[in-house]
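Before any comments, here is the structure.
The values are calculated or read from the model by the stated rules, or taken from the named source; none is laboratory data. These figures come from a predicted structure and were not determined experimentally. Here the Cβ is made from the backbone with ideal geometry for all residues, glycine too, and neighbour counts use every protein chain on show. Side chains included, ligands, DNA and RNA excluded: accessible areas come from the protein's heavy atoms. Shrake-Rupley method; radii C 1.70, N 1.55, O 1.52, S 1.80 Å.
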Amino acid sequence: MNALTQIPLKFWLGEKVVFKKWLSLVVRDFSLQEIFTLPTVSGESSVLPPGGDGFFYRSMPDHLALDDLTQNGEMIPYISARYNRYYIDLSGDFQGYLDHFSSKSRATLRRKVRAFAEFSGGEMHWRIYQKPEEMVEYLQLARCVSQQTYQERLLHAGLPSSAAFQEEVIALAHQGLIWGCLLFYHARPIAFLHLPIQEGVVMYHYLGYDPQFSRWSPGTVLQYLVLEPLFAQSSLRWFDFTQGEGAHKQFFSTHHTPCVDLFVLRATLKHRMWVHLHWGLDRMVTQLVHLLERWGVKTRIKRLIRMHA
């Protein structure tokens, strides 16, 4: 029987979640490999356990069909998010990867790396943690950075601090399936990149940097530094930026594919109400964002919200 998981339908006001409606759902996550190979998921996971509200398909390619779940009148399909899933082809070499950038973008990357090196006194201090005995130190230092990020303070989406997460990271290290990456300013950690590996795919799970150093682009610098040794690993095929969009992902990626987050809920009055409320708030916020962009104040307001989170 399919297991039920508590999944929130999140009501967003800009970058802040103002309310969550928790639902008991059968969850289906799509890997990058499945996006490349699955022609359809019609008929998959169609048995809903007793007490279940429905199904949740995370990062589902938008070309896949779910006709038997969404067109029988007993279920409500609702796409809560549309986005491009970005990724990097690691099959070539690092220089070939850099060549896909425009000359202006390459110059910008190198300028940022050079500026950070000069800011650091002429020496770049960064490290990749891979061994099990290194992971406690890595997590302690990365957590120090994560606590400063807007992702943790505003979105509650920082690097986890639980004992279970630490055990999971150490277990992955024993299998050689994780890279923990840190960038330092002298001895102070200021950016981290958390990269589990699944079947030759590097997973972009967490990136964070200390906002006090934002003018030096530490997240961009660390991403650039880590990619060269990743390209040198012949066992790695893709760098998967996973679900959600962002300028950082778009800039560094070589490819993308359109995906959706899809709720398929039992057709009850209660579920219809929550779907309509979510859709209405999302539409209102989208119109507000367009107005802020037209007035030229969107970036300023976003910066203020993150500063005071």
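Data overview
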| item | result |
| --- | --- |
| Rel. contact order, % - alpha carbon contacts under 8 angstrom, at least six apart, the chain | 27 percent |
| Percent carbon-and-sulfur accessible area, the chain, ignoring ligands, DNA and RNA, probe 1.4 Å | 53 percent |
| For region 242-277 and region 1-36, distance of Cα centres in Å | 9 Å |
| Tensor-based shape of region 121-213 (alpha-carbon gyration tensor, a/c under 1.5 rounded, otherwise prolate or oblate) | oblate |
| Packing rank of 283-295, 9-21, where each peptide gets the mean count of other beta carbons within 10 Å, highest leading | 9-21, 283-295 |
| Viscosity 1.002 mPa s, 20 °C: Kirkwood-radius Stokes-Einstein D of the chain over Cα pairs, µm²/s | 100 µm²/s |
| Segment residue 272-residue 131, extension gain: residue separation times 0.36 nm, minus the distance between their alpha carbons | 45.8 nm |
| Above-threshold pairs, the threshold being 22 Å between Cα atoms, out of 21/249; 21/270; 16/270; 104/249; 16/112 | 21/249; 16/270; 16/112 |
| Helix axis angle, 103-119 relative to the chain longest principal axis, alpha carbon, degrees | 60 degrees |
| Over the chain: helical MRE at 222 nm, DSSP H runs n ≥ 4 each giving -39500 (n - 2.57), nearest 500 | -11500 deg cm²/dmol |
| Helix axis angle, 269-295 relative to the chain longest principal axis, alpha carbon, degrees | 40 degrees |
| For region 113-267, diffusion coefficient by Stokes-Einstein and Kirkwood Rh (Cα), 20 °C, 1.002 mPa s, µm²/s | 130 µm²/s |
| FRET E, pair residue 20, residue 199, Förster distance 35 Å, beta-carbon r, rounded to 0.05 | 0.65 |
| DSSP bridge orientation in the chain - percent antiparallel, rounded to nearest 5 | 85 percent |
| Cβ crowding within 10 Å averaged over residues, with 127-135, 48-56, 96-104 ranked highest first | 48-56, 127-135, 96-104 |
| Additional length obtainable on full extension of the chain from residue 98 to residue 214, 0.36 nm per residue less Cα span | 39.4 nm |
